[in-house]
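Below is one structure, written out as structure tokens; the observations come after it.
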Amino acid sequence: MGGLAVADVVAEARRVLGEMLLILAHHYQRDEIVDVADFRGDSLELSRRAAASAARWIVFCGVHFMAETAAVLAREGQRVLIPREDAGCFLAHTIDYPSLVELWRALSGIMDPDREVLPVAYVNTTADVKAFVGEKGGACCTSSSAEAVLRWAFSQRPRVLFVPDQYLGRNTARRLGIPDDDIAVWDPRFPDLDRERFARARLILWRGTCNVHVRFLPEDVERVRRERPGVRVVVHPECRPEVVELADEVGSTSYIIRTVSASPPGSAWAVGTEERLVARLNKENPDKEVFSLAEVPPFCSYMSLTRPGDLAAILEGLLRGEERNVVEVPPEIRDPARAALERMLEITSA
Ligand code: 13P
Ligand code: SF4
């Protein structure tokens, strides 16, 4: 089928495979990918769609942890395929299973973590990190479910460990009224923890950040307000707390899209999230001014890896009866990781 445009390959795959095929795309994917997907969404919506799907093949256009999440939630016989196996996530790379075990051990020297601390993992983590959290009775969360999950976690145990995004953790803590003084940050590079600080902490954060969202600065908010009077600022909760404090709105990628799309014609928006999404919002809202909050808009190089040819190659494989780039998680990791993800889905549907 060499030479066919991706839209033609998708149409042919849909004609032959019908309901057995589901193509999911995250909002940060290239337009050519988002345009041909069955569904586009934020991480929570995509997890829900994957969990509810009866399709035999879920082709996940996003980064690896998202496809792996779908694989963990998959039913018997379902397969999740990712067009680019090398699509990682800067944030997910800040934590690994051995470092998490090391932190738990260090905490054991000053408290009884198994009784006192409930771990919560942002979905931007590998399945073994989710499995650790599931085994300890904790839950996963996404940017749109972090508040509900943290509230639930504090109803279960006196302290919470939130990994790996320190900014999402602190931004959510502020919404719940937890003072900075009750928060301790664990830096995996310096494993000697400040015993006194950790002993009194209610919330323990991992020192991870997203390389894309860390680029938005408070000076950017001040600059856009100066240069475009009346502008509204909407940002993702992976941004620095100093930026979130100054913004008018904060929320997941889907929340950002809904907020800008629902605003009246003539509105101006400075958006603090990945550039490809901001550019699409600009295109889809010609009656508004929509631009990046940063002077040099940051983009997620991992999300950009998936090109139309990569998606076409996966679909052409399926049409030939070949399953390429299947994401697999061994049962000893999948089962506890699934428990953590299902807790999140239950908390957010309650
Ligand atoms: P959302 O869940 O808001 O789509 O965020 C995913 C992500 O990786 C943001 O950087
Ligand atoms: Fe990961 Fe940041 Fe890219 Fe989101 S934008 S996928 S958190 S690196």
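The values are calculated or read from the model by the stated rules, or taken from the named source; none is laboratory data. Fair warning: this is a prediction, and the values are worked out from it, not measured in the lab. No Cβ is skipped: glycine too gets one built from the backbone with ideal geometry, and neighbour counts run over all protein chains shown. The accessibility values were calculated without ligands, DNA or RNA, using every heavy atom of the protein model including side chains. Shrake-Rupley method; radii C 1.70, N 1.55, O 1.52, S 1.80 Å.
So the values come out like this:
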quantity: Packing-based order for 282-291, 115-124, 91-100, 208-217, using average beta carbon neighbours within 10 Å, highest first; calculated: 115-124, 208-217, 91-100, 282-291
quantity: Sequence-distant aspartates and glutamates (8 or more away, or on other chains) whose Cα lies within less than 17 Å of residue 130; calculated: 68, 96, 102, 114, 165, 328, 332, 335, 342, 346
quantity: Antiparallel %, DSSP beta bridges [both residues in the chain], to 5; calculated: 5
quantity: Long-range amide H partners of residue 235 with built H, under 5 Å; calculated: 249, 250, 251, 272
quantity: Accessible surface, the range 29-94, averaged per residue in Å² (probe 1.4 Å); calculated: 35
quantity: The range 146-204 - convex hull of alpha carbons, volume per residue in Å³; calculated: 78
quantity: Most mobile listed residue (206, 269, 152) in the chain, GNM with C-alpha springs under 10 Å; calculated: 152
quantity: Rounded accessible area per residue of the range 251-350, 1.4 Å, Å²; calculated: 44
quantity: Value of Rg to Rh for the range 68-108 (Rh from inverse mean 1/r over Cα pairs, i.e. Kirkwood); calculated: 1.15
quantity: Proximal aspartates and glutamates to residue 283, defined as alpha-carbon separation beneath 18 angstrom and excluding residues fewer than eight positions away on the same chain; calculated: 31, 32, 35, 274, 275
quantity: Choice from 189, 232, 240 with maximal GNM fluctuation in the chain (Cα, 10 Å cutoff); calculated: 189
quantity: Alpha-carbon gyration tensor eigenvalues x 5, square-rooted, for the range 245-286, Å; calculated: 15, 13, 9
quantity: Amide H within-cut-off set for residue 165, under 5 Å, with H built and near neighbours excluded; calculated: 122
quantity: For residue 118, distant residues with modelled amide H under 5 Å away; calculated: 159, 160, 161
quantity: Rounded percent of accessible protein surface that carbon and sulfur make up, the chain, 1.4 Å probe; calculated: 48
quantity: Translational D in µm²/s for the range 211-350 (Stokes-Einstein at 25 °C, 0.890 mPa s, Kirkwood Rh from C-alpha pairs); calculated: 139
quantity: Backbone HN-Hα couplings from phi across the range 154-166 [Karplus 6.51/-1.76/1.60, Hz, Gly and Pro as x]; calculated: 5, 7, 9, 9, x, 10, 10, 9, 10, 10, x, 8, 4
quantity: Over the chain: Kirkwood hydrodynamic radius from C-alpha pairwise inverse distances, Å; calculated: 21.0
quantity: The range 208-274: C-alpha gyration tensor shape, a/c 1.5 cut-off, then a/b vs b/c; calculated: oblate
quantity: Directionally averaged projected area (convex hull, Cα atoms, the range 20-160), nm²; calculated: 9.0
